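Report on one structure; see the data block that follows.
The values are calculated or read from the model by the stated rules, or taken from the named source; none is laboratory data. Keep in mind that this is a model prediction, so the values were computed, not measured. Every residue, glycine among them, receives a Cβ derived from its backbone with ideal geometry; neighbour counts consider all protein chains shown.
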Amino acid sequence: MLEKLNGFLQKYIAILTPLSLVVGVLLESVGHSLLFLVSWLFAFMTFVGSLNMKFKDVKIFTKHPALILFSIIFLHLLMPLWAYFLSTIIFDDHLLTVGFVLSVAVPTGVTSVIWINICKGNLPLGLSIILIDTLLSPFIMPFMLYIVSGEKIQLDVTSLILNLILMIVLPTILGILVNELSKGEIPKKFGKKLAPFSTLSLFAVIMINSSAISPYLTNFNLHLISVLLLVLVIAVSGYVFALIIGRYIIKDYPQMTTLVFTGGMRNIAIGVIVATTYFPSKVAMPVVFGMLFQQVLASLFSKIVTKRTVTSSNN
């Protein structure tokens, strides 16, 4: 029953994600009253997503140190700089700029593992990038946001770091410990049963936090369309840049596939939580909108990557 539910949620995630956003906007008052649940829901999602990880995943760093370091730089420096450049040129709005930078400065998405596995990428490398990036993000993200926000926005860096540690680092370590101490038995027994609740938690986080941008969506105008289009351009460019680098520089298809999905996908839910907790609500706009495209783009690029891999193997 639960496996069927999870299959349904995964199959229609590209539809259910924007639907959750719309429901959250329409039920603005309900979303505000449930804000206290968001951090707990996200910690649960992180815990479930970490159940299949092991501490030895970090050991692969010795095999691919340059690629892993480049992935971190790509995620937290190159893409934020690209987002900053585009947003400052197109919009004269500091809050939106912070939002665009935040949307790509968040850690890579744990769900990238699913796409790496489907497209026959280097799964140990993907897990290593996710684990290292996740553990470093509570320190890299606040630093990036502090630089971008500057003196115009008061950012409580200490509180942000502690919140990220509670929502990301501790649940990740707990999930790994459960996996290690049970020798994989607990994830094997309960992992698939917990998966649909993790996905439902994601929809709940989107619904609750999207209430924060409700005032900006009441008047659907050209400015809002421009924000949506730039979110799409930045999201697509993350995949495209990673694909080009993987194809013409790395030239190893499993590694290329891994870079495409870890470089293109983001843990957007944590970005929404940070945006709505520490910044004015307008900052959340580009972050929340990123949820509309992520799974659709992942599906699209999975076809592109698979086609490239098949063509290469035939040659």
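Please determine whether any residue of the stretch 129-147 is polar (S, T, N, Q) and over 15 Å from the mean Cα position of the chain (by Cα).
Initially, the stretch 129-147 is screened for residues polar (S, T, N, Q), giving 134, 137.
Checking which are over 15 Å from the mean Cα position of the chain (by Cα) leaves us with none.
Scanning the stretch 129-147, I find no residue that is polar (S, T, N, Q) and over 15 Å from the mean Cα position of the chain (by Cα), so the answer is no.
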| query | Condition test on ASN179, is it polar (S, T, N, Q), part of a helix (DSSP H, G or I) and in contact with a Lys or Arg (Cβ under 8 Å, 6 or more places away or on another chain)? | reply | yes
| request: Exactly one condition in (1) among the polar types (S, T, N, Q); (2) within 30 Å of LEU26 (Cα to Cα); (3) touching a helix residue (DSSP H, G or I) at 6+ places or on another chain (Cβ under 8 Å) is not met by ASN219; state its number. | output: (3)
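With MET53, MET45 as the choices, which residue is in a loop (DSSP other than H, G, I, E, B), in contact with a Leu (Cβ under 8 Å, 6 or more places away or on another chain) and in contact (Cβ under 8 Å) with a residue 40 or more places away in the chain? Before the answer, list the steps.
Values: MET45 fails: in a loop (DSSP other than H, G, I, E, B).
The match here is MET53.
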| field | Considering residues of the stretch 116-141 that are within 17 Å of PHE47 (Cβ to Cβ) and among the aliphatic types (A, V, I, L, M) only, the residue surrounded by the fewest Cβ atoms within 10 Å (Cβ to Cβ) | value | LEU135
| So which residues in the stretch 116-148 are at pLDDT 85 or above, of a type outside the set (A, V, I, L, M) and in a helix (DSSP H, G or I), if there are any at all? | PRO124, GLY126, SER128, ASP133, THR134, SER137, PRO138, PHE139, PRO142, PHE143, TYR146
| said: Looking at the stretch 32-42 only, could you name the residues that are without any contact (Cβ under 8 Å) to a residue 40 or more places away in the chain and within 19 Å of SER214 (Cα to Cα)? | reply: SER33, PHE36
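Here is a yes/no grid of residues against (1) more than 13 Å from the chain's Cα centre (by Cα); (2) modelled with pLDDT of 85 or more; (3) closer than 30 Å to ASP252 by Cα; (4) surrounded by fewer than 17 Cβ atoms within 10 Å (Cβ to Cβ):
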| residue | (1), (2), (3), (4) |
| --- | --- |
| TYR278 | yes, yes, no, no |
| LYS282 | yes, yes, no, no |
| ALA298 | no, yes, yes, no |
| SER302 | yes, yes, yes, no |
| said: Please go through (1) farther than 28 Å from VAL227 by Cα; (2) surrounded by fewer than 20 Cβ atoms within 10 Å (Cβ to Cβ); (3) touching an Asp or Glu at 6+ places or on another chain (Cβ under 9 Å) for THR158 and return the number of the only condition it doesn't satisfy. | reply: (3)
| field | Search result, residues across the stretch 74-91 that are in contact (Cβ under 8 Å) with a residue 40 or more places away in the chain and of a type in the set (S, T, N, Q) | value | SER87
| remark: So the helices (runs of 4 or more DSSP H) completely within the stretch 210-275 holding 1 or more residues that are in contact with a Cys (Cβ under 7 Å, 6 or more places away or on another chain), crowded, with 16+ Cβ neighbours inside 10 Å and at pLDDT 90 or above are 253-264
| task | Mind listing whichever residues of the stretch 128-184 are among the polar types (S, T, N, Q) and free of Cβ contacts under 8 Å to residues at least 12 places away in the same chain? | result | GLN154, THR158, SER182
| Hits in the stretch 1-13 - residues which are part of a helix (DSSP H, G or I) and surrounded by fewer than 17 Cβ atoms within 10 Å (Cβ to Cβ) | LEU2, GLU3, LYS4, LEU5, GLY7, PHE8, GLN10, LYS11
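Scan the stretch 155-206 residue by residue and report those that are among the aromatic types (Phe, Trp, Tyr) and under 27 Å from LEU27 (Cβ atoms).
PHE197, PHE203
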| request: Taking the options VAL113, VAL98, VAL169, VAL104, name whichever one is surrounded by 18 or more Cβ atoms within 10 Å (Cβ to Cβ), more than 23 Å from THR258 (Cβ to Cβ) and not polar (S, T, N, Q). | output: VAL98
